[in-house]
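Visitor: Right, I'll just put the structure down here and ask away after.
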Amino acid sequence: ALMDRAMEVLDQVGLTHRAWEKAKYLPYGERRALEIAVALAPEPRIVFLDEPTSGLGTEATKNLAGLIGTLRRRYTIVLIEHDMHFLFQLADRISVIHWGQVIDENTSS
């Protein structure tokens, strides 16, 4: 049952083709997807992602946006992110927080 669940979450993040590879050999962007898979394994209702694009190049950021775009159909996702372009293509609601205070809140559209 655990192997089935592991393969299911790897499939959700597009990593079934890497199932038997060690994480340390995965490209950095795929390691980020694996981190998300680990977060999905216990079947949460809400997934928190803190700076998921940090350290990613253009192509890996694009792939991550696609992954999060797919996952948001099934999960509530809370993102902490400084890349506003990335955020605006994914978010339904945005809150701007400065020193712990919400200074603006709106929908992304």
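Visitor: Can you say what percent of the DSSP beta bridges in the chain, counting only those with both residues inside, are antiparallel? Round to 5.
Guide: On the way: 6 of 11 bridges.
Taking every DSSP beta bridge within the chain, about 55 percent pair in antiparallel fashion.
Visitor: Same structure again: Net charge near residue 55, counting Lys/Arg +1 and Asp/Glu -1 over other residues with Cβ under 15 Å of its Cβ? Write out the running numbers ahead of the final one.
Guide: Values: positive: 31, 32, 62; negative: 30, 35, 50, 51, 59, 81, 83.
That sum, taken over residues with Cβ under 15 Å, equals -4.
Visitor: So for the chain, taking the charge dipole from beta-carbon charges (+1 Lys/Arg, -1 Asp/Glu), which of 89, 54, 20 sits furthest toward the positive end?
Guide: 20
Visitor: I would also like to ask the following. Give me the accessible area per residue for the stretch 62-102, probe 1.4 Å, as a whole number in Å². Write out the running numbers ahead of the final one.
Guide: Numbers: 2990 Å² over 41 residues.
Heavy-atom accessible area per residue stands at 73 Å².
Visitor: Okay, moving on. If you roll a 1.4 Å probe over the chain with all protein chains in place, what percent of the accessible area is carbon or sulfur? Please list the in-between numbers first.
Guide: Numbers: 4220 of 7690 Å².
Its accessible area is 55 percent carbon and sulfur atoms.
Visitor: If you don't mind, another one. Give me the net charge of residue 16's neighbourhood, meaning all other residues with Cβ under 15 Å from the Cβ of residue 16; Lys, Arg count +1, Asp, Glu -1. It would help to have the intermediate numbers written out before the result.
Guide: On the way: positive: 5, 18; negative: 4, 8, 11, 21, 30.
Once positives and negatives cancel, what remains is -3.
Visitor: Here's another thing I want to ask about it. Towards the positive end of the charge dipole of the chain, with charges on Cβ (+1 Lys, Arg; -1 Asp, Glu), say which of 100, 34, 79 has the farthest Cα.
Guide: 34
Visitor: Would you mind calculating the relative contact order of the chain from Cα pairs under 8 angstrom and at least 6 residues apart, reporting the percent as a whole number? Show your work: numbers first, answer last.
Guide: On the way: 100 pairs, mean separation 21.8, N = 109.
About 20 percent, as a whole number.
Visitor: Where Lys and Arg each count +1 and Asp and Glu each count -1, what net charge lies around residue 83 among other residues with Cβ under 12 Å from its Cβ? Numbers along the way, then the final one.
Guide: On the way: positive: 62; negative: 51, 81.
Counting the neighbours of residue 83, the net charge comes to -1.
Visitor: Right, another one. Contour minus end-to-end for residue 43 and residue 96, with contour as 0.36 nm per residue of separation and end-to-end as the Cα-Cα distance? Don't skip to the end; give the middle numbers.
Guide: On the way: separation 53, 0.36 × 53 = 19.08 nm, distance 2.82 nm.
That works out to 16.3 nm of additional length.
Visitor: Note the listed values [x] 13.6; [y] 14.9; [z] 14.0, then indicate which one is Kirkwood radius over Cα pairs in Å calculated from this particular structure.
Guide: Of the labelled values, this structure produces [y].
The values are calculated or read from the model by the stated rules, or taken from the named source; none is laboratory data. Model, not experiment: these values are computed from the prediction. Because the Cβ atoms are built from the backbone with ideal geometry, glycine has one as well, and the counts that use them run over all protein chains shown. For accessibility, only protein heavy atoms count, side chains too; no ligands or nucleic acids. Shrake-Rupley method; radii C 1.70, N 1.55, O 1.52, S 1.80 Å.
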